[in-house]
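Asks: Quick one: structure below, then a few questions.
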Amino acid sequence: MLDQQAHLGLPQTASSQGLAPALALNADFRPLSYFPLSLWSWQDTVKAVFLDRVTIISEYDTAIRSPSMTMRLPSVIALKDYVQQSRFPAFTRFNVFLRDRFTCQYCLKGFPAQELTFDHVIPRSRGGRTTWKNVVAACGRCNLQKANKLPEQCGMIPRIKPDQPSTWQLQENGRRYPPNHLHHSWRDYLYWDSELKPDQGQDQSWPDEFRLSDDQLNKVFQS
């Protein structure tokens with residue numbers, strides 16, 4: 001989904017560890033992406049506000065201040081023009097893992113993305129292609145065990161027949177994985193399929209004020 005966001009000319013998803021990221025919504029007030037959550041850096045957000053591309057829905061208590069201006073940082077923004085997302089997502093390793101819900105399709109155990117591999121159901125050495133219909137998420141152990149064998153030879157058949165997902169399907173899968181920290185102003189626009197953990201939804205503490213020189217502020221708009 002990151003590739004799709006870049007293709008649409010939108011800012012890349014910002015790390016939630018940055019200063020006061022804004023939840024970015026489409027013009028229909030739905031998140032541009034659930035996983036990773038569509039968070040924009042404060043720099044991209046401020047620039048979009050001044051270019052009149054977004055509407056500010058909610059704000060932090062934190063403000064940026066320069067000799068020429070003071071502005072409270074937005075916590076939720078919505079695009080003024082609806083962005084029509086493509087029907088089908090890009091074929092990437094991450095999107096395969098998200099389609100398969102970060103679950104090895106052979107042993108059926110869940111793993112972090114960094115512990116999963118990209119397995120060809122019909123090995124490339126047997127003529128298999130690298131496509132949605134022939135690639136599944138697999139753990140390292142199962143990948144090694146299957147090696148270049150055909151599924152029928154080793155009895156390792158994916159739990160779900162691999163297929164090309166729609167963007168909507170990946171969005172729905174992404175709703176299963178809420179981040180560890182959610183600002184309270186985001187909650188009205190997010191609908192998670194899983195119950196939030198006790199430490200989720202806790203507000204991040206930001207400074208009350210963030211001072212910039214006019215030269216630093218100008219660099220934000222020029223970036």
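Asks: Being surrounded by fewer than 21 Cβ atoms within 10 Å (Cβ to Cβ) and not hydroxyl-bearing (Ser, Thr, Tyr) is the filter; apply it to the stretch 65-75 and report the residue that is modelled with the lowest pLDDT.
Replies: So the residue we want is Met69.
Asks: Take the residues of the stretch 18-66 that are basic (Lys, Arg) and outside any loop (DSSP other than H, G, I, E, B): which is nearest to Glu172 (Cα to Cα)?
Replies: Only one residue fits best here, namely Lys47.
Asks: Go through the stretch 97-115 and give me each residue that's surrounded by fewer than 19 Cβ atoms within 10 Å (Cβ to Cβ) and either charged (D, E, K, R) or not in a loop (DSSP other than H, G, I, E, B) (or both).
Replies: Scanning the stretch 97-115 gives Arg101, Lys109, Gly110, Ala113, Gln114, Glu115.
Asks: Among the residues in the stretch 132-147, are any assigned to a helix (DSSP H, G or I) and modelled with pLDDT under 95?
Replies: no
The values are calculated or read from the model by the stated rules, or taken from the named source; none is laboratory data. The structure displayed is predicted, hence computed values, not measured ones. Backbone-built Cβ (ideal geometry, glycine too); neighbour counts: all protein chains shown.
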